[in-house]
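Notes follow once the structure below has been shown.
The values are calculated or read from the model by the stated rules, or taken from the named source; none is laboratory data. Predicted, not measured: the structure shown is a model, and the values here were computed from it. All Cβ positions, glycine included, derive from the backbone under ideal geometry; neighbour counts span all protein chains shown. Ligands, DNA and RNA are stripped out before the accessible areas are found, and what is left, the full protein with its side chains, is counted by its heavy atoms. Shrake-Rupley method; radii C 1.70, N 1.55, O 1.52, S 1.80 Å.
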Amino acid sequence: MANSEGSRGPVAQVFRGTFIHSTAQTALQVLEDALLGVDTAGKIAFIGKGETVLELSQKFGFNPSEVIKLAQHEFFMPGMIDTHIHASQYSYAGTALDMPLLQWLSTYTFPVESHFKDLEFARKVYTQVVKRTLRNGTTTACYFATIHTDSSLLLGQIANDFGQRALVGKVCMDRNDSVEHYRETVQESVDETHRFIKELLNKKYPLVKPVVTPRFAPSCTEALLKQLGTIAKNNNLHIQSHISENLDELKLVKELFPDSETYTDVYHKFNLLTDKTIMAHGCHLSDKELTVFRETGTSLSHCPNSNISLCSGILDARNVLNHKVKLGLGTDVAGGYSSSILDAVRRTLDASKVLTIQNPEHKNLTFEEVFRLATLGGSQALSLDDKIGNFEVGKDFDALRINVAARGGPIDLVQCEAPKILLEKFLNLGDDRNIVEVFVAGRKVVPCADLTVE
């Protein structure tokens, strides 16, 4: 078990119990009767064995009697990371799943998103989605907002106020024939993207940052994509978009960008594939395109609920991992009907098993591997694994305290079970009732009294 030096400040909290996480080498590592200290900056100060509590208390200056002890059926796991979620679509989550992607966007999505010029409407929806995802154990979210700069800034403020770590993107799109008033000119999009980035960074929120967000190639002209690639490069920012979600979408991309060999080539041509880029879906990417992803450091967000709900396709996550492409999980609300990464875990396992049914030689993912995708994999996909994703000294304490036997919860325990079994039960059967505490950068954000968001 790792021990540590180099705490940035005095130890503020010490926990004793079972910690379950992933490492680069191991999909699942269980630390039983461990001690973990969190300093006043919210970073992990040390990890040690429970039996060394007296020694560690002297070294790090905490009172052994104030150590917080986990109960028999409790454990800590890293916070879950949603690498792709449309905050602006939350109001109709759980409905409108009766059309394929392109018709779905025109019929449901664009009309709803156009309402976000109304800041009060935006405040209501964004407050709900941040609160809900935190209760669901999402400590980090990579959000799409809308084309409206002020309401996108409001989403950043709300995430900050509730203590969620977030990448927030003002959507950029200068091509939309279905809802004509819901689009920008190239110049409007560029100017408003600059304003969004500047104003959000000037807020100096510790955990909320901007992400350059071309909606997807079919809604952007080459002129806009080129400008967005330049903006992201000049400001060293994250980039998010969609790719190869649906076969009709692929045909449309070929019509709109006839000079590009592949969908991936469209983004690559305009410097939008970087080691800080996260692309959602990728159901129909070729092996050649996955090679480009690996070479550029571009990540994929696996959104199995949406992929199935909109009949888009099934991503072969095993093939993505075999190509050594960074992979995380996304809810893709509202194409995906659930805002919980637990649902994404389950749908990822289901999708992998469907591929094994279709081809018995396919090696389906294990729950341990998918647990890693929901935590460490997500941090790697967002290029945040130097800060979050697992329990390592110096990283921020983004964590969930899980009680598998929570009163009134969905899990019945017949006998005492090993930690690995408890984790598997939580991943397959658990919900927010089992998530008794949520920490982001050492701050307890669940349970928390409702905040009045200014």
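Some notes on this structure:
Each row is one residue, and each column tells you yes or no for (1) on the phi > 0 side of the Ramachandran plot; (2) at pLDDT 95 or above.
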residue	(1), (2)
G394	yes, yes
L400	no, yes
A405	no, yes
G409	no, yes
V414	no, no
E437	no, yes
V440	no, yes
V445	no, yes
T452	no, no
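- Boolean, T107 is open to solvent by 60 Å² or more (accessible area, probe 1.4 Å) and either assigned to a helix (DSSP H, G or I) or among the aromatic types (F, W, Y) (or both): yes
- Residue check, E249 assigned to a helix (DSSP H, G or I) and open to solvent by less than 30 Å² (accessible area, probe 1.4 Å): yes
- Single unsatisfied condition, L400 versus (1) more than 17 Å from V370 (Cβ to Cβ); (2) under 17 Å from the mean Cα position of the chain (by Cα); (3) in a strand (DSSP E or B): (1)
- Among the residues making up region 168-225, those that are under 24 Å from D396 (Cα atoms) and open to solvent by 20 Å² or more (accessible area, probe 1.4 Å) are L201, N202, K203, K204, Y205, P206, L207, K209.
- Identity of the residue in region 334-367, touching a helix residue (DSSP H, G or I) at 6+ places or on another chain (Cβ under 9 Å) and among the acidic types (D, E), that ends up nearest to V112 (Cα to Cα): D343
- Output for region 275-292, where each listed residue is crowded, with 18+ Cβ neighbours inside 10 Å, within 18 Å of the chain's Cα centre (by Cα) and more than 17 Å from A317 (Cβ to Cβ): K276, T277
- Lone unmet requirement of (1) in a helix (DSSP H, G or I); (2) open to solvent by 70 Å² or more (accessible area, probe 1.4 Å) for G229: (2)
- Within region 356-412, being acidic (D, E) and either open to solvent by less than 30 Å² (accessible area, probe 1.4 Å) or in contact (Cβ under 8 Å) with a residue 24 or more places away in the chain (or both) holds for E368, E369, E392, D396, D398.
- Number of the condition not met by C311 [criteria: (1) more than 23 Å from C172 (Cα to Cα); (2) surrounded by 16 or more Cβ atoms within 10 Å (Cβ to Cβ)]: (2)
- Per the listing R123, R175, the residue uniquely touching a Cys at 6+ places or on another chain (Cβ under 8 Å), at pLDDT 95 or above and within 28 Å of W104 (Cα to Cα) is R175.
- Taken over region 334-355, the criterion of being open to solvent by 40 Å² or more (accessible area, probe 1.4 Å) and under 27 Å from Y92 (Cβ atoms) is satisfied by Y337, R346, R347, D350, V354.
- Restricted to region 188-209, and to residues there that are polar (S, T, N, Q) and touching a strand residue (DSSP E or B) at 6+ places or on another chain (Cβ under 9 Å), the residue that is farthest from A145 (Cα to Cα) is S189.
- Under the condition of being in a helix (DSSP H, G or I) and closer than 22 Å to G328 by Cα, the residues counted in region 127-155 number 7.
- Residues of region 25-79 classified as open to solvent by 50 Å² or more (accessible area, probe 1.4 Å) and either assigned to a loop (DSSP other than H, G, I, E, B) or of a type in the set (V, I, T) (or both), total: 10
- Of the helices (runs of 4 or more DSSP H) that lie entirely inside region 256-352, those containing 1 or more residues that are more than 20 Å from A27 (Cβ to Cβ), in the same structural domain as V168 (by the TED database) and touching a strand residue (DSSP E or B) at 6+ places or on another chain (Cβ under 8 Å) span 263-269, 287-296, 304-309.
- Selection within region 414-449 - touching a Lys or Arg at 6+ places or on another chain (Cβ under 8 Å) and among the aliphatic types (A, V, I, L, M): L427, I435, V436, V438, V440, A441, V446
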